[in-house]
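Before any comments, here is the structure.
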Amino acid sequence: MSDQVYVGILGKGTVGAAFRELLEDRADMVEEVSGRRPKVTGVLSSKKGSFDEILAASDIVVELIGGTDPALDYVTRALKEGRHVVTANKQLLAQHGEELVAAARDGGAQLRFEAAVAGAIPVIRVVQESLGAIPIDKVFGIVNGTTNYILTEMTRAGLSYDEALKQAQDLGYAEADPSDDVGGADAAAKMAILARLAFGAPVNLDDVPFEGIERIKPDDIAYAKELGLSLKLLGVAERVGEGEISVRVFPCFLYPGHPLAPIAGPFNAVMVESSAITEITMSGPGAGGPETAAAVLGDVVSVVGGGSPLFEENAKLKVARDVEMAFYLHLEVDDQPGVLAQVAEVLGDNEVSVRSVVQRGLGGEAQLIMVMHPVSEKRFAAALKRIAKLKFLRSPPRSIRVIEEEFG
Ligand SMILES: NC(=O)c1ccc[n+]([C@@H]2O[C@H](COP(=O)([O-])OP(=O)(O)OC[C@H]3O[C@@H](n4cnc5c(N)ncnc54)[C@H](OP(=O)(O)O)[C@@H]3O)[C@@H](O)[C@H]2O)c1
């Protein structure tokens with residue numbers, strides 16, 4: 001065996017540049033723990049370098065370009081030619097997971113992607129390796145730091161959504177085009193990857209319905225604050241019935257005491273639940289060049305060390321089309337007799353039962369704030385459609401899911 005391991009780096013942006021620096025900085029340590037000293041064979045950017053030359057010279061290809069074109073082609077070719085691949089690219093994995101697994105199998109190569117989900121938190125390793133032989137019931141958490149920062153600032157400083165987004169952009173927590181983050185698509189891609197690993201089932205991005213935080217209003221946050229609730233954008237992947245799983249992303253109120261409630265700012269946190277372990281919560285920085293590069297380096301060390309992660313996809317699980325959730329409902333109504341009775345009638349017709357009701361304000365300012373018991377999402381959506389047509393409503397109804405579960 002050569003005493004060097006040849007590493008080709010695709011991309012020299014935020015993560016690529018940080019990874020190259022870290023790899024060179026930590027070369028002694030990598031050699032100490034893995035027995036081989038890393039040597040960079042080349043760094044590809046959009047303007048410089050040749051992929052073919054880097055591929056020919058490398059044992060490991062580290063893909064830090066992002067997106068699917070040309071990353072899919074490069075990664076597939078590398079795997080098929082027996083080069084191990086480490087990537088931080090969630091879109092690539094969420095959209096092409098199956099073909100990449102097949103290419104890795106064909107080429108007898110390893111595919112590692114710790115940095116693609118929750119940045120520096122070793123959630124992939126825990127789900128794939130540490131808990132690889134345990135049936136996991138649920139993986140869920142805050143997997144997008146941008147939205148967590150925005151929601152935290154809306155709560156802490158009373159900023160509007162637009163103000164908090166602007167602040168996140170100024171601080172580099174949100175991109176100039178933040179739509180994938182704030183709309184929930186980024187979190188959905190990460191949850192598709194986590195669900196694949198946790199359940200051994202081929203979950204595709206299309207199987208993950210998602211909602212973002214763009215429509216959250218300051219008075220939703222004010223309500224949450226009053227009750228001590230936290231508002232988070234959550235990704236949830238869970239077993240919901242015989243042979244069924246559900247994977248989705250949505251803004252959600254959490255009761256105090258929930259382990260995810262105190263996660264503030266641009267941080268991420270992921271919980272894993274299984275009857276064998278009760279639950280584990282991991283939290284830490286979800287992004288950033290050096291933080292992500294550290295996760296990439298961890299994968300490189302694992303690859304050099306030779307351990308092959310489990311990546312079996314053989315479970316015959318169906319994606320459930322309906323699940324039960326509790327909801328908060330915010331209605332701006334005309335202050336007139338019979339309003340509450342009519343809303344209650346529609347909810348009752350759809351078997352939605354109300355846990356609490358608060359009526360606020362008078363005249364043009366009147367609001368009804370209700371929290372429901374857990375109910376089929378489909379039935380709640382049907383009720384909401386009818387409520388939206390009630391004549392005394394002054395604006396479209398707003399609903400946010402609620403997780404009532406308490407821990408500890
Ligand atoms: N940034 C984070 O905090 C973070 C966190 C977790 C995961 N990730 C993931 O890490 C990956 C890289 O993200 P990043 O933030 O480092 O991106 P970035 O700063 O935009 O860098 C992308 C790099 O890829 C190069 N590139 C673009 N198109 C190329 C092409 N056709 N051929 C060759 N090279 C090309 C760019 O070249 P030029 O230098 O010539 O422009 C640049 O060096 C993405 O998959 C991202 O989702 C990032």
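Descriptive notes on the structure:
- Note on the stretch 177-242: the alpha carbon radius of gyration divided by the globular reference 2.2 N^0.38 Å gives 1.35.
- Neighbourhood charge, 10 Å Cβ-Cβ cut-off, centred on D137 and excluding it, Lys, Arg +1 and Asp, Glu -1: -1
- In this structure, the amide hydrogen of R401, modeled 1.01 Å from its nitrogen in the peptide plane, lies closer than 5 angstrom to those of F253, Y328, counting only residues at least 5 positions away or on a different chain.
- Long pairs among K166/K232; K12/K217; K232/K378; K90/K385, criterion Cα-Cα beyond 30 Å: K12/K217; K90/K385
- Qualifying trypsin sites (Lys or Arg not before Pro) in the stretch 170-253, where qualification requires a DSSP coil assignment and no more than 14 other C-beta atoms within 10 Å, comprise R215.
- Order by protection proxy (mean Cβ within 10 Å, highest first), peptides 122-131, 22-31: 122-131, 22-31
- Neighbour net charge for D69 - beta-carbon separation under 15 angstrom, K R +1, D E -1: -2
- A compact globular protein would have a Cα radius of gyration near 2.2 N^0.38 Å; the ratio found for the stretch 1-143 is 1.06.
- Estimated FRET transfer efficiency when R0 is 51 angstrom, pair L317-K48 (beta carbons, to 0.05): 0.70
- Note on the chain: dipole from Cβ charges, positive end direction compared against S302, F250, V143; the farthest Cα belongs to F250.
- Once Rg and the Kirkwood radius are both taken over the C-alpha atoms of the stretch 333-379, their ratio Rg/Rh works out to 1.01.
- Cα centre as origin, Lys/Arg/Asp/Glu Cβ charges: the stretch 188-290 dipole, Debye: 280
- Estimated dipole of the chain in Debye, rounded to 20 [Cβ of Lys and Arg +1, of Asp and Glu -1, Cα centre]: 400
- GNM result for the chain, Cα springs below 10 Å: residue of D177, D137, D219 fluctuating most strongly: D177
- Calculated [θ] (222 nm, deg cm²/dmol) that DSSP helices of n ≥ 4 give over the chain, each run adding -39,500 (n - 2.57): -11000 deg cm²/dmol
- Using R0 = 25 Å, the C-beta based FRET efficiency linking A381 and Q336 works out to 0.45.
- Over the C-alpha trace of the stretch 145-195, radius of gyration and Dmax come out as 11.5, 35 angstrom.
- Positive-end extreme of charge dipole, the chain - chosen from M370, A198, L393 (charges on Cβ): L393
- Neighbourhood net charge (15 Å Cβ-Cβ; Lys/Arg +1, Asp/Glu -1) for A56: 0
- Binning the C-alpha pair distances of the chain at 20 Å intervals from 0 yields a P(r) profile of 26, 51, 19, 3, 0 %, listed from the shortest bin outward.
- Stokes-Einstein D for the stretch 207-300, Kirkwood Rh over Cα pairs, 25 °C, 0.890 mPa s (µm²/s): 157
- Added length on full extension, which subtracts the Cα-Cα distance from 0.36 nm per residue, E99 to D28: 22.0 nm
- Size descriptor for the stretch 98-183, Kirkwood hydrodynamic radius: 15.7 Å (Cα pairs only, one decimal).
- DSSP bridge orientation in the stretch 1-130 - percent antiparallel, rounded to nearest 5: 0
- Of all the options R394, R77, R105, the one that moves most in a Gaussian network model of the chain with Cα springs shorter than 10 angstrom is R394.
- Taking every protein chain into account, the 1.4 Å probe leaves Y149 with about 20 Å² of accessible area, to the nearest ten.
- Links that overshoot a 20 Å alpha carbon limit, given the list K138/K190; K39/K190; K48/K190: K39/K190; K48/K190
- Accessible surface of the stretch 318-408, 1.4 Å probe, proportion on carbon and sulfur as whole %: 50
- Each of A102, G184, I134 was scored by the projection of its Cα onto the charge dipole of the stretch 60-214, and the greatest displacement toward the positive side belongs to I134; charges sit on the C-beta of Lys, Arg, Asp and Glu.
- Computed with a 1.4 Å probe over protein heavy atoms only, the accessible surface of the chain comes to 43 Å² per residue.
- With every protein chain in place, the stretch 30-158: carbon and sulfur % of accessible area (1.4 Å): 46
- Taking amide H atoms as placed 1.01 Å from N in the peptide plane, the amide H of V203 lies under 5 Å from those of R196, each 5 or more residues away in sequence or on another chain.
The values are calculated or read from the model by the stated rules, or taken from the named source; none is laboratory data. Remember, it's a predicted structure, so these values are computed and weren't measured experimentally. We place every Cβ from the backbone using ideal geometry, glycine too, and count neighbours over all the protein chains shown. Surface areas here come from the heavy atoms of the whole protein model, side chains and all, with no ligands, DNA or RNA. Shrake-Rupley method; radii C 1.70, N 1.55, O 1.52, S 1.80 Å.
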